[in-house]
Amino acid sequence: MSKNILIIHGHPVNDSFIDQLQQVYIEAASAKGASIRQLVLRELNYEINFREGYRGNQELEPDLVAAQEDISWADHLVFFYPNWWGTYPALLKGFIDRTFLPDFAFRYKRGRTNPDRLLKGKTARLIVTMDSPKWYYYLVQFAPGHHAMRKGLLHFVGIKPVKITTLGLLRKADESRRATWLKMMKKMGDRLC
């Protein structure tokens with residue numbers, strides 16, 4: 001049975017190293033028979049500001065309606081994004097705020113603390129680049145972006161397990177190091193994980 005994989009590319013800058021990472025992953029997963037769809041957030045047309053929060057009725061743009069359809073279709077979501085200021089770029093945060101909505105991703109019920117998790121049965125992987133050393137991010141900053149994505153978003157809506165690949169010290173990485181990371185992406189794509 002083929003696996004449906006949705007790539008969510010959250011880097012706002014064109015021609016970043018993340019472009020290369022996700023391309024290698026896509027090629028490897030496709031070669032193993034996975035069905036791939038891709039959302040390059042910088043190419044979508046949507047307002048990242050969740051103007052009225054959950055009190056308002058902000059209509060979804062067509063690109064976000066299509067994104068929800070892609071998320072529903074997927075068995076596995078792979079997020080590619082940089083770590084900026086401990087978490088992720090505003091582009092990705094806005095996408096999350098506008099897309100993972102009540103009655104799509106979760107639903108509260110009267111008298112219950114925990115919501116119904118409407119995206120159960122899906123899995124995810126985060127591929128996160130950063131200029132900081134990994135040890136600093138984990139031991140000094142306590143990995144706030146990883147916790148926000150894994151527990152605050154994905155576990156909250158029922159997506160488990162969530163595996164995280166952190167590629168640290170990107171700005172100092174030479175061609176040999178980058179080649180190692182690209183090989184790692186190929187292996188992940190080969191394993192459809």
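A few points about this structure:
- Meets criteria (surrounded by fewer than 16 Cβ atoms within 10 Å (Cβ to Cβ), in contact (Cβ under 8 Å) with a residue 12 or more places away in the chain and hydrophobic (A, V, I, L, M, F, W, C)) for Leu169: yes
- Which listed residue, of Asp116, Asp131, Asp75, Asp103, is closer than 28 Å to Asp15 by Cα and free of Cβ contacts under 8 Å to residues at least 60 places away in the same chain: Asp131
- If you go through region 172-192 and keep only what is among the small types (Gly, Ala, Ser), modelled with pLDDT of 95 or more and surrounded by 17 or more Cβ atoms within 10 Å (Cβ to Cβ), you end up with just Gly189.
- Scan of region 15-38 for residues that are surrounded by 15 or more Cβ atoms within 10 Å (Cβ to Cβ) and small (Gly, Ala, Ser), ordered by number: Ser16, Ala28, Ala29, Ala34
- Single residue of region 56-83 satisfying the filter (in a loop (DSSP other than H, G, I, E, B) and not charged (D, E, K, R)) that is nearest to Met188 (Cα to Cα): Ala74
- When Gln23 is tested against (1) of a type outside the set (Asp, Glu); (2) assigned to a helix (DSSP H, G or I); (3) touching a residue at least 24 places away in the same chain (Cβ under 8 Å), just one condition goes unmet, and that condition is (3).
- Out of Leu92, Leu41, Leu126, one residue alone is buried (at least 20 other Cβ atoms within 10 Å of the Cβ) and in contact (Cβ under 8 Å) with a residue 60 or more places away in the chain. It is Leu92.
The values are calculated or read from the model by the stated rules, or taken from the named source; none is laboratory data. Quick caveat: nothing in here was measured; it's all calculated off a predicted structure. Reconstructed Cβ throughout: ideal geometry from the backbone, glycine too, with neighbour counts over all protein chains shown.
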